[in-house]
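Asks: My questions all concern the structure below.
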Amino acid sequence: MRLPGDAVSRLRLIRTDSIGPVTYRQLIARFGDAETALKSLPDLARRGNRSLALHPQSEARAELETAATLGAHLLFLGTPDYPALLSGTETAPPVLYARGDLALLDRPAVAIVGARNASAAGTRFARQLALDLAEADYVVVSGLARGIDAAAHAAALERGTIAVVAGGVDVPYPPDHADLMARIAEQGLVIAEQPPGIEPQARHFPRRNRIIAGLSAGTIVVEGAPKSGSLITARIAADLGREVMAVPGSPLDPRAQGCNLLIREGATLIQTAADVLEALSTLSGQPALRFNAAEPLPLPDYGPALTPDPAARAALLSPTPAAADDLIRLTKLPPAQVASVLLDLELEGALTRHAGARVALG
């Protein structure tokens, strides 16, 4: 796989402090390419009387060399190799590392997640479910954690599984899953958002969960507590408009409380792989999203950047997060122009982005 000609510039932009997935996408949309965006960033930051240190070119080149040494592919947002379903999400990572069979990204995928301290019955169910779905030509996606994740990966390994890890693509976590991770890299696919060598930290796991949900047509929770990472993944899938499924359990088992809660909230109850296939199928009986052919989220045409008085631009903002859609409605300006103003404020250090496409004065 060949890297895009501007891979170094893209990586520098991605690694520059304060440039997150949403900001990256907006910068590319506004300036057309990563190199032009990099040249414009210092001036945008000076407007807000702040300094912005661009990621060094030498470090970006070194990161690319490390990836080549590992045999890892870099998948940049907006290129043909980037996962189509994931690219259609607002917070899609600007770059992914991948080790293994990239062809798995072209097949329909379903996520199986659950408790790390899974019961014997839950582990057995996850293993059988993953095997049945793999035999139905679905790629099984999970997070390489202990318990349900590991059982799902192991069962689907020979037919197709994708492990999304919270740290670097070369860092097994938990450490005792090093052998499983190596087997997945050889027979399946390992994906990471973090650069090689990065040990996973607590903040990385919710980011990993959004990738799991974004890659998959649906997410199945086998066991999980109400505040577990599995429930976070399920709620992200619901926000993306993907199918959310859960396996019911005894109300006496804390590990079943999250699944039972999801079902009460409208998740599809799952007892067999046939239930999953039915939930993911269209009215014609054909699998939904069969060819992973979701359209990437379109990049807006910003046109000329708005440069009114900073006080006027921020008049509708406060320290309390507000939805960007509300700002569009109240200002009666085109969405692209509002996005442009918000981008300027963010780069000037005057705006903070929150979950759910909300923004506030920062």
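Asks: If you roll a 1.4 Å probe over region 122-166 with all protein chains in place, what percent of the accessible area is carbon or sulfur?
Replies: 42
Asks: Among Leu75, Leu343, Gln57, which residue has its Cα furthest toward the positive end of the charge dipole of the chain, with +1 on Lys/Arg Cβ and -1 on Asp/Glu Cβ?
Replies: Most positive-ward Cα: Leu343.
Asks: Just the number, please: percent antiparallel of the DSSP beta bridges in the chain, rounded to the nearest 5. Mind dumping the intermediate values first?
Replies: Details: 15 of 35 bridges.
Counting only bridges with both partners in the chain, antiparallel ones make up about 45 percent.
Asks: Taking only the alpha-carbon positions of the chain and ignoring solvent, what does the Debye formula give for the base-10 log of I(q)/I(0) at q = 0.09, 0.10, 0.14 Å⁻¹?
Replies: Relative scattering, expressed as log10 I(q)/I(0), comes to -0.53, -0.65, -1.16.
Asks: Could you compute the longest span of the chain free of GluC sites (Glu not before Pro) located in DSSP loops and having at most 14 other Cβ atoms within 10 Å, not counting the site residues? Working shown, then result.
Replies: Values: sites that count: Glu90, Glu158, Glu265.
Segment 159-264 is the longest.
Asks: Out of the trypsin sites (Lys or Arg not before Pro) in region 165-231, which ones are loop residues according to DSSP with at most 13 other C-beta atoms within 10 Å?
Replies: Here the trypsin sites (Lys or Arg not before Pro) that fit, given the DSSP loop and packing criteria, are Arg203, Lys227.
Asks: Could you work out [θ]222 nm for the chain from helices alone, using -39500 (n - 2.57) per DSSP H run of at least four and dividing by all its residues? Round to the nearest 500 deg cm²/dmol. Please list the in-between numbers first.
Replies: Details: 15 runs with 153 residues, N = 362.
After summing the helix terms and dividing by the residues of the chain, the value is -12500 deg cm²/dmol.
Asks: Specify the residue with the greatest mean-square fluctuation among Leu280, Leu333, Leu144, computed from a Gaussian network of the chain linking alpha-carbon atoms under 10 Å apart.
Replies: Greatest mean-square fluctuation among the candidates belongs to Leu333.
Asks: Next question. With unit charges on the beta carbons (Lys and Arg positive, Asp and Glu negative) and the dipole taken about the Cα centre of the chain, which residue among Leu189, Phe31, Val139 sits farthest to the positive side?
Replies: Result: Phe31, furthest along the dipole toward the positive end.
Asks: Moving on. Accessible area per residue, 1.4 Å probe, Å², for region 28-96: what's the number? Let's see the in-between values first.
Replies: Working: 3210 Å² over 69 residues.
Computed with neighbouring chains in place, this is 46 Å² per residue.
Asks: In whole percent, and with a 1.4 Å probe on the protein chains, what portion of the accessible area of region 183-240 is carbon and sulfur?
Replies: The computed percentage sits at 51.
The values are calculated or read from the model by the stated rules, or taken from the named source; none is laboratory data. Predicted model, so just to flag it, every value in this text is computed and none were measured. We place every Cβ from the backbone using ideal geometry, glycine too, and count neighbours over all the protein chains shown. We work out accessible area using only protein heavy atoms, side chains counted, and drop any ligands, DNA or RNA first. Shrake-Rupley method; radii C 1.70, N 1.55, O 1.52, S 1.80 Å.
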